[in-house]
Amino acid sequence: MNNFVSNLPLPDIEPPKFDFSHIKCKWLNVPYADKSSAEKLDIFLPNDSLCYHPVVVVIHGGGFLFGDKEGIELQAALEPGLARGYAIVSINYRLSSEAKFPAAPQDVNAAIRFLRKNASLYRLDPNHIGLWGSSSGGNLASLAGVTDKMTVFVDSELGDSTIPWNVNAVVDFYGPINFLTMDPEYVING
């Protein structure tokens, strides 16, 4: 696999900021690992709820180069998910400008293991975890969904590597899968 790190400048795009003040039960910027300041997540629970919630983990897109856990993916998932009784967790991961592949999928797996390990603290159902991502986030969601036995996607320095990172569901919105065919397919179908 290619250990690509981009030297391209990051786009000057400011992610939209949301007003979370109406959500009473939330934890923001929770570190799930300590290799990078990027390894943080936000947890949102439905208001006035004391039960354990199935989890939707939102993984932002951005071509592995940019993006943030407060991006448009969170906006799309947050209110509908909370209204249906889900815990919504939005994660950041190390971007390709900071760390080489497989750092990003290792971060996603570390976040899942963190959530499972700390499920009782945050009132999460560790047996019902799904992933939702778009573009590069969709790629990372798909990788996590199909690699629960592949240790190359686990960095033992990122939390407790004995905790499983398997998930129950994956929603991949237009995530690239075969990077070798992307350019030819774009020319043919674009």
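Remarks
- Correct option for Cα extents along the principal axes in Å [calculated from the coordinates] among [x] 103, 37, 27; [y] 50, 35, 29; [z] 72, 49, 36: [y]
- Whole-Å distance, taken between Cα centres, linking segment 68-138 and segment 146-164: 16 Å
- Most positive-pole-ward Cα, V170, L140, G67, against dipole of the chain from beta carbon charges: V170
- Among S90, S120, T151 the positive-end extreme of the charge dipole of segment 86-167 (Cβ point charges): S120
- GNM top mover of R84, R113, R123 - the chain, alpha-carbon springs below 10 Å: R84
- Two-site label geometry, R123 and N47: point separation in nm, points 7 Å out along Cα→Cβ: 1.4 nm
- MRE, 222 nm, helices only [DSSP H, n ≥ 4, -39500 (n - 2.57), over the chain, to nearest 500]: -7500 deg cm²/dmol
A short reminder: the numbers here are calculations on the coordinates, not readings from a lab. As the structure is a computational prediction, the values presented were derived from the model and not from experiment. Because the Cβ atoms are built from the backbone with ideal geometry, glycine has one as well, and the counts that use them run over all protein chains shown.
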